[in-house]
Every structure is written in structure tokens, then in C-alpha cells.
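Heads up, the thing below is written out as C-alpha cells.
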Amino acid sequence: MTKPHLADWAPDSWQHKTVSQQIQYANPKALEQAIEKLRQLPPLVSSSEVETLKAHIAEAQAGNNFILQGGDCAESFADCNADSISQKVRVLMSLSLLLSQNLKKPVTRIGRIAGQYAKPRSQLTETQNDTSLPSYRGDLVNHIHFSESARLPDPERLLQGYSYASLTLNYIRSLLESDIQELFQLDQESQALQALKANGELHKSLEQFRDAMQLFHQFNGKQALGKNVLEFYTSHEALHLHYEQALTRRANNGHWYNLSTHYPWVGMRTAKKDSAHIEYLRGIANPVAIKVGPGMDIETMLSLCKTLNPDNEVGRLTLIQRFGHQAIGSKLEPMIKAVQDAGLKVLWSCDPMHGNTRVSSNGIKTRDYQNIESELLQAFEIHDKNSSHLGGIHLELTGEAVMECVGGTYNVTEKELESAYTTLVDPRLNVTQAFELIDSINKKSISYDNIHQI
Ligand code: PEP
Ligand code: CO
């Protein structure tokens, strides 16, 4: 059943290529032992779930569905608790309702969750006062605390990461089976909900939709709601290839799947021609995504598309564009045209976060809400103008009332960043900013033909 172009591929063939962002372990034997243990453990997701998601992505490419992908920049082991997980799931559920209501189409929810534990870094070392240490590379690799022992890569963390991902996913699966009202309810006590309530129009629209959903549920029963309502998928950056390889399994259909997650993506720093990360991704049958940014030339983008999707299969490949609000105006259109000219079937998804990161005047990594919104709305417009189609969004957000991105209706100021900043790496939208962003798409999208073609 192996496709001819994969005859020379194996779960470990990436090891013969150049590995960017490689982690150096002091004790390679301990790494080998951890990987061997991982190989014995059961997969976290099933190949049939993965194939169902691929079918939804294919529908999103056709304009009959929309992909909402979001979550933490870096998920932490400490956040593997009931409150934190249910908040993340509820926020994505509620946002998807709002989105679905106005786009008039189903929305597939995908968390950056249950495995988003490894981070690429632009700077491989961090200096505080006069001390330089290896950068924090995600909980799968080392600890965020700034000390020599904490920053040492520890292979045991691969096994811990697997366990936390498994506990998280187990709890998500039980939440999906729980009362629907609860699943779409934001925490009544949370500051975030209070802020949302203050935006009367936005809150009313969400409540109305939730009521309608509840009524529908009562009349039709949970079964009749069908999978489109309650499905939830996981994704993470396929960065730590030893971890990904250990959880790559051959299914009965003869294809290899990464069964640590439904939807792995390769980030900006590792999406390179002939790289280890692309080599790994090309052989698995999951739907896969690559980030494309201002630094990627068109020729590279086309070549990566052909390597990852030589059969031009619908649903297989997502291009997550992340240019920044300034560069998108000049960079996106030529890429869309090149994809169209080559007849490539891809899903375009917009990540309006990673091209808009800056350092605040008080030295904190932040993003401006207005730049995020601007990039996203431009993305819809540019695709529309070019007879293309934006079928998804990719966000860093949280259900908590953090203050990490500045601006928004409740205008988070640079000074306030110091008061509620808990992200381990990049600044996330708080729940109010996330709702506002989804609402801005809804308002704007009314005029788009491509949104209304179903
Ligand atoms: C990310 O998604 O957290 C990330 C690092 O993105 P990018 O690869 O686009 O910089
Ligand atoms: Co990030």
C-alpha cells in the first residue's frame, strides 16, 4: 500500500537530513531509552479521527466549512488541570458558535493542545544580568526557571509530555460527552466573562446562539446534533522529531500516521527545503500544515507544497500564512497567484499573531490587537480579490483574563502587561479580545461572496 514516492521514506528517515532547532541532550543513552518507552505506549488519537478531520479540511477548502485553530503558544505541564483544560475547550467552543452563526457554515475546532509542548526559538540562549543559559524550549525539553539545572534538556520530559497530553485529551473527550450547556458556558465568575458581558451586543449574540443550540439539543437529542457540533481536534508543532517519530504508527490501511495529534504543523524556522522536518511530514498521512511568512520565497513554498502533497490530495495540506499586518499587503497576493497557477489544492489559514510580535516600551513581548485584526481582515480581502478563499484562522488565545496583547475594546495598556502576563512564550489574546476578533470577521465578512456561497 506504500505510495511509490514514499518507498524511500521511514519514520526515522528524517535523521539523515539537517535538523534545525535540534536539541542537544547530554546523555544520548537516556534519550534512546525514553524514545523506546514511548514507542511501546498506545497512540493518543486514532487514524479514523485523523481522516475525518482531513475530510473537514477538504470541505473548508471548498468553502463549505471553516477551521478555527487556537490555544496557547506554549502549553505547560502545570496547566494540565480541570479548570485550565475546560476553559480552553469552552472558549474555542463558544468562539466557534459565534463564527458559525455568521458564516452560516460548520466550524471545525482544533486546539493547540494536548502536545503543544515544544518551542522553536530565534535565540538559542537567554542572558539575564551577566549569565547566559540555554533558552526555554518548551516543557517537553526543559524548565522555564532561569537556572542551569532547569534549562538542561531532560529526556524524561518526553515521557511526561506524553502523559500530560494523554491526560489532557482524556479530559477533553469526557467534556465533549458532558452537558452541552456546560460545554458552551464561560466561567460565570471570570473577569473575562464580566468584560464580555459589558460588550452588550457581542454577549447577546453569543447567548442567543447558545440558547438555540440548547433548544436544538433538547428536541433532537445529542445524537442528532451530529459530529459537527461536538467534534474537537488537537494539533501541535511537530518540532521534536524524536517524540513525533516514536508516536508514528502504521494503520491497517498501510499508511503511517502521527498518532500523537490529529493535525501536526511545521513552523517557520523548520519549514525548509530538504530539511528533516519536511522529510518527516511528507511520509505521514495526517492532514499537515506549514507556516509561510515573509521570509519564504515563492519557489520554496511551491517546492514544499509539491514535496508534501505530490498527489495534490484535497484536505492534505494547509498553508498557514503569517506575514504581519504590514507585509501581508505585498507578500500574500503573489503567493496566492503562484498556488493558483500551479493548480495546487491547499487550505489557506491566517495566523495573524506571529507576524505582529513586538517589544513594548517597558520591555515586554506583546502584540497590538489592532494589528492582529488588521492582518486578519486584510487576509479575507486579499483572498477574495484574487478569487481565492481563506478557510481558516490560527490564533494564540486563552480563556483566562490575561493581559498579554495590548489594545482591544477594553484597551489593555502597556503598563497593564505587567499585571496579568502568564504566557510561557508568546502573548495570547485574552477571551474578550478573542471574541472581539471573531466578531470583527463576522461584521466584515457579510460582504464577501466566498463566505456566502453555500
Ligand atoms: C508558533 O506557532 O508558536 C510559532 C512559533 O509560529 P511560527 O513558526 O509561525 O513563528
Ligand atoms: Co507562538
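Bear in mind that the values in this text are calculations on the coordinates, not laboratory data. All of these numbers come straight from a predicted model, not from anything done at the bench. Note that we place each Cβ from the backbone using ideal geometry, even for glycine, and neighbour counts take in every protein chain shown.
Numbers at a glance
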{"item": "Residue selected from segment 268-292 under the condition in contact with a helix residue (DSSP H, G or I) (Cβ under 8 Å, 6 or more places away or on another chain) and within 13 Å of ligand 1 (Cβ to nearest atom), by the criterion farthest from THR357 (Cα to Cα)", "result": "HIS277"}
{"item": "Output for segment 69-86, where each listed residue is more than 14 Å from LEU424 (Cα to Cα), more than 15 Å from ligand 1 (Cβ to nearest atom) and not small (Gly, Ala, Ser)", "result": "CYS80, ASN81, ASP83, ILE85"}
{"item": "Check on SER174, away from ligand 1 (no atom under 16 Å from the Cβ) and surrounded by fewer than 17 Cβ atoms within 10 Å (Cβ to Cβ)", "result": "yes"}
{"item": "Selection status of LEU390, among the aliphatic types (A, V, I, L, M) and in contact with a Pro (Cβ under 7 Å, 6 or more places away or on another chain)", "result": "no"}
{"item": "Criterion: within 16 Å of ligand 2 (Cβ to nearest atom), touching a helix residue (DSSP H, G or I) at 6+ places or on another chain (Cβ under 7 Å) and in contact (Cβ under 8 Å) with a residue 12 or more places away in the chain - qualifying residue of ILE336, ILE382, ILE364, ILE328", "result": "ILE364"}
{"item": "From GLU418, GLU396, GLU400, residue being crowded, with 18+ Cβ neighbours inside 10 Å and either within 12 Å of ligand 2 (Cβ to nearest atom) or farther than 20 Å from ASN81 by Cα (or both)", "result": "GLU396"}
{"item": "Segment 410-428, residues that are under 25 Å from the mean Cα position of the chain (by Cα) and of a type in the set (S, T, N, Q)", "result": "THR422, THR423"}
{"item": "Matching residues in segment 330-360 - criterion: being in a loop (DSSP other than H, G, I, E, B) and away from ligand 1 (no atom under 16 Å from the Cβ)", "result": "ALA342, GLY343, LEU344, LYS345, VAL346, SER360"}
{"item": "Looking only at segment 1-26, and only at residues there that are among the hydroxyl-bearing types (Ser, Thr, Tyr) and surrounded by 15 or more Cβ atoms within 10 Å (Cβ to Cβ), the one that is farthest from ASP311 (Cα to Cα)", "result": "TYR25"}
{"item": "Any hit, segment 297-318, residues being in contact with a Phe, Trp or Tyr (Cβ under 8 Å, 6 or more places away or on another chain) and buried (at least 21 other Cβ atoms within 10 Å of the Cβ)", "result": "yes"}
{"item": "Residues satisfying the stated conditions in segment 385-394, i.e. in contact with a helix residue (DSSP H, G or I) (Cβ under 7 Å, 6 or more places away or on another chain) and within 16 Å of ligand 1 (Cβ to nearest atom)", "result": "GLY392, ILE393"}
{"item": "Matching residues, segment 397-426, being within 16 Å of ligand 1 (Cβ to nearest atom) and within 11 Å of TYR369 (Cβ to Cβ)", "result": "GLU404, CYS405"}
{"item": "Residue ID - surrounded by the most Cβ atoms within 10 Å (Cβ to Cβ), chosen from residues in segment 27-45 that are outside any helix (DSSP H, G or I) and touching a Leu at 6+ places or on another chain (Cβ under 7 Å)", "result": "VAL45"}
